[in-house]
Amino acid sequence: MDFKQLEISPFRVSGLRVRTLNSAEQQATTARIGPMWQRFFVDGLFDKIANKKPDSPAYGVYSSYESDASGAFDVMAGVAVSEAAPGYETIEVQGGQYLVFEAKGAMPGGVIEAWGRVWAYFEANPQVKRRFATDFEAYTGPESVAVHIGIF
């Protein structure tokens, strides 16, 4: 399994936020993540969100986990900011140890493939415990993503 482990410092992200379940994301009629990202890009929010750090990629931040991968959670599409952006949701991504799973290819297929590797890794390695606090995707290019999963 191809991944790396990094120590990440805390940082803030401002943007759009939705609450969903993995099971809801399997059906087009109940999926909320895709429509949120569509609005993020159609409305040009990557360039419009105030206080954006100059080197920020687009981030997808997962937080407020109800329990584990089967419970409800929040997802945010946003950018790293120096301080909360007025008119947008803001979250603090927790610092700590993260496993990073990278993928290249057309999106959203690339990020879906990366999440498949995340789930397979944790299924095969139950001794490695997820924090279920904040996880995030960093879109490092139009066809590259790094999925960061917080661990203990």
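The values are calculated or read from the model by the stated rules, or taken from the named source; none is laboratory data. Since we're looking at a predicted model, the values are computed, not measured. Reconstructed Cβ throughout: ideal geometry from the backbone, glycine too, with neighbour counts over all protein chains shown.
Tabulated values for the structure
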| read-out | value |
| --- | --- |
| Meets criteria (of a type in the set (Val, Ile, Thr), over 21 Å from residue 9 (Cβ atoms) and either in a loop (DSSP other than H, G, I, E, B) or in contact with a strand residue (DSSP E or B) (Cβ under 7 Å, 6 or more places away or on another chain) (or both)) for residue 79 | no |
| Residue match in the range 126-137 (condition: surrounded by 16 or more Cβ atoms within 10 Å (Cβ to Cβ), over 15 Å from residue 65 (Cβ atoms) and in contact (Cβ under 8 Å) with a residue 60 or more places away in the chain) | yes |
| Residue pairs meeting the criteria (Cβ under 6 Å; at least 6 apart or on separate chains; first assigned to a loop (DSSP other than H, G, I, E, B), in the range 89-110; second of a type in the set (Val, Ile, Thr)) | 94/134; 95/8 |
| Residue list for the range 22-51, restricted to those being touching a residue at least 12 places away in the same chain (Cβ under 8 Å), of a type in the set (Lys, Arg) and more than 27 Å from residue 131 (Cα to Cα) | 39 |
| Residue match in the range 7-14 (condition: over 14 Å from the mean Cα position of the chain (by Cα), closer than 25 Å to residue 117 by Cβ and part of a loop (DSSP other than H, G, I, E, B)) | yes |
| Conditions (1) modelled with pLDDT of 95 or more; (2) within 19 Å of residue 13 (Cα to Cα); (3) hydroxyl-bearing (Ser, Thr, Tyr); number of the one not met by residue 144 | (2) |
